[in-house]
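Got a structure for you, questions after.
The values are calculated or read from the model by the stated rules, or taken from the named source; none is laboratory data. In this text, all values refer to a predicted model and were calculated from it rather than measured experimentally. When we count neighbours, we look across all protein chains shown, and the Cβ atoms used for this are built from the backbone with ideal geometry, even at glycine. Heavy atoms of the whole protein, side chains included, go into the accessibility calculation; ligands, DNA and RNA do not. Shrake-Rupley method; radii C 1.70, N 1.55, O 1.52, S 1.80 Å.
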Amino acid sequence: MIREASERRKLLNVYRSVLRQDLLPFWERAVDPVRGGVYTCFDNRGERRLSSDKYTWSQGRFLWIWSRMADLCARKLADGDPNRYLEQAARTYRFLRRHACLPNGHCAFLLAENGEPKEPVEGLGYDTSFYADCFVILGYTEYGRVSGDREALRQAALLYESVERRLRAKTVRSEPYPVPEGMASHGYAMIMLNAAQELADAWASVDRRQADWFRQRSAAYMADIMKRFRDSQGRVREVLPDGETAERHESDRLLLRHINPGHTVESMWFVMREAAKTGNRDYVRQAALSVKRALELGWDNEYGGLLRYVDKDGGPPSGRRTIGIEEAERFETLIETTWSTKLWWPHSESLYAALLGYRLTGDEELADWYERLHRYAFSVFPNDDKAVGEWIQIRERDGRPSEQVVALPVKDPYHLLRNVMLIIELLCDWER
């Protein structure tokens with residue numbers, strides 16, 4: 001499917017068709033043409049809009065997607081009017097500039113349709129997750145890069161610095177995945193690597209000094225992931241005690257033993273792209289090995305597809321439950337109750353990670369993994385109602401649709417569209 005140029009050209013046509021026929025029509029209907037942003041609170045099949053609320057997390061992601069889509073159209077890698085996408089992206093950018101940031105400089109997690117901040121849970125406040133800030137950073141950055149709007153890049157940099165201050169002070173909140181006090185999260189380093197590397201790329205043509213600073217931050221977060229959370233077997237641990245490393249830490253606790261295969265492969269393609277850009281061949285190789293390790297651990301040999309969570313030694317998550325630490329108890333309940341579900345986003349991330357890893361290393365096992373993932377994902381997740389389009393976001397272990405909530409009660413506009421666009425870019429670049 002991907003080893004020969006003729007096969008890759010056919011695959012490129014497949015992804016362009018998925019983008020134009022299955023994905024974009026759904027999200028073009030979901031755009032708010034008046035206020036900016038996008039409606040995302042749909043049921044899992046995308047047939048009914050359940051709310052007009054706007055999660056800042058998703059609005060930032062949508063801004064990235066629509067800005068990147070404008071860029072693909074401008075470069076003739078995809079069909080469409082770049083100006084139309086960029087105009088809608090600009091409307092979303094203005095909506096976020098007006099409404100996303102609270103007086104303390106943090107991003108509100110949830111907004112009403114008109115932009116008014118809302119408490120996601122009564123009494124917890126508005127700024128319940130720094131991940132919302134990070135996705136606004138990513139959206140601002142991509143919009144600024146594509147549009148040439150330096151103020152958008154400046155705002156992204158200011159918000160990034162605000163997040164780093166909170167991380168240093170250990171005051172960040174991270175709903176819906178709270179991290180207990182005294183613990184270190186792979187997710188924190190992972191999202192900050194992604195934000196820093198995209199800021200470095202965007203600032204490169206504007207201010208070399210600023211770009212170099214963000215490149216240094218990218219290198220620091222990449223090293224943290226590879227040296228602290230990754231062990232010598234290539235496994236990436238999601239949570240560790242402060243000061244510990246995955247290589248030397250052993251635990252019988254569920255929270256500390258579990259692996260998230262989708263998070264690993266997404267993190268590792270961040271690492272592969274950054275390492276390839278900076279000439280770090282060792283990290284490219286190590287990250288590619290971790291992609292394979294995550295796929296081996298996460299693959300469901302009975303039904304196919306990737307399980308949501310597994311134990312670090314394989315099989316269902318196992319270990320002693322935490323007692324008396326509310327954040328840990330909530331996280332472990334999530335692991336235990338949803339480990340066997342099949343989510344659309346790990347599969348889309350794995351498609352890109354396997355393809356990128358094969359492109360960078362020539363590892364034939366990654367080519368095999370890509371083909372296995374492609375067969376499963378394209379047979380299980382696409383919505384069979386073409387009038388609605390998009391993919392079904394969550395399936396039971398045996399592939400039946402499920403109406404559970406994944407992270408937010410939304411149909412997310414990010415992972416699948418981002419990876420389809422990145423795969424189109426990769427396949428086009430391959431032929432040059």
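Whole-Hz ³J(HN,Hα) for each residue in the range 132-143, computed from phi via Karplus 6.51 cos²θ - 1.76 cosθ + 1.60 with θ = phi - 60°, x for glycine and proline: what do you get?
Residue by residue, the range 132-143 yields 4, 4, 5, 6, 5, 4, 4, x, 4, 5, 5, 4 Hz.
Send over the Kirkwood Rh of the range 278-344, from the inverse of the averaged 1/r over different Cα pairs, rounded to one decimal Å.
This gives a value of 13.8 Å.
I'd like the per residue volume of the convex hull spanned by the Cα atoms of the range 154-216, given in cubic angstrom.
Each residue corresponds to 88 Å³ of Cα convex hull volume.
Give a residue-ordered list of calculated ³J(HN,Hα) values for the range 43-60 (Karplus: 6.51 cos²θ - 1.76 cosθ + 1.60, θ = phi - 60°; whole Hz; x for Gly, Pro).
5, 4, 7, x, 8, 10, 8, 9, 7, 9, 4, 10, 6, 4, 3, 6, 5, x
Using 0.36 nm per residue, how much length does the chain from Arg49 to Asp384 gain when fully extended, once their Cα-Cα distance is taken away?
Between Arg49 and Asp384, full extension yields 118.7 nm more.
If you don't mind, another one. Just flag the trypsin sites (Lys or Arg not before Pro) in the range 54-84 sitting in loop per DSSP whose Cβ has no more than 16 other Cβ atoms within 10 Å.
Arg75, Lys76
Oh, and also: Hey, what's the chain come to in accessible area per residue, 1.4 Å probe, Å²?
39
Through the Karplus equation 6.51 cos²θ - 1.76 cosθ + 1.60, θ set to phi - 60°, convert the phi angles of the range 171-183 into ³J(HN,Hα) values in whole Hz; use x for Gly and Pro.
So the Karplus estimates, Gly and Pro as x, are 10, 6, 10, 9, 4, x, 10, x, 9, x, 4, x, 10 Hz.
After finding the eigenvalues of the alpha carbon gyration tensor for the range 274-394, what semi-axes result from the square roots of 5 times each, listed largest first in whole Å?
27, 23, 14
If I compute solvent accessible area with a 1.4 Å probe over the protein chains, what percent of it on the range 172-311 is carbon and sulfur?
Answer for the range 172-311: carbon and sulfur cover 43 percent of the accessible area.
Using Cα centres only, tell me the gap between the range 64-116 and the range 374-432 in whole Å.
So the separation of the two Cα centres works out to 21 Å.
Please give the contour-minus-distance gain from Val405 to Thr245: 0.36 nm per residue of separation, less the Cα-Cα distance, rounded to one decimal in nm.
Difference between extended and current length: 54.4 nm.
What FRET efficiency do you get for Glu7 and Lys76 if R0 is 25 Å and r is their Cβ-Cβ distance, rounded to the nearest 0.05?
0.65
May I ask for the longest run of the chain untouched by GluC sites (Glu not before Pro) that are loop-located per DSSP and have at most 12 neighbouring C-beta atoms (other than their own) within 10 Å?
Here the longest run is 303-402.
Kirkwood hydrodynamic radius, the range 391-432, all distinct C-alpha pairs: what's the number in Å?
Final number for the Kirkwood radius of the range 391-432 is 12.4 Å.
With each label point set 7 Å from Cα along the Cα-Cβ vector, what nm distance links Arg285 and Asp207?
Roughly 3.8 nm, to one decimal.
Among Asp412, Asp363, Asp79, Asp212, what's the order by accessible area (1.4 angstrom probe), most exposed first?
Listed by decreasing accessible area, they come as Asp79, Asp212, Asp363, Asp412.
Can you give the relative contact order of the chain as a percent, counting alpha carbon pairs under 8 Å and 6+ residues apart?
17
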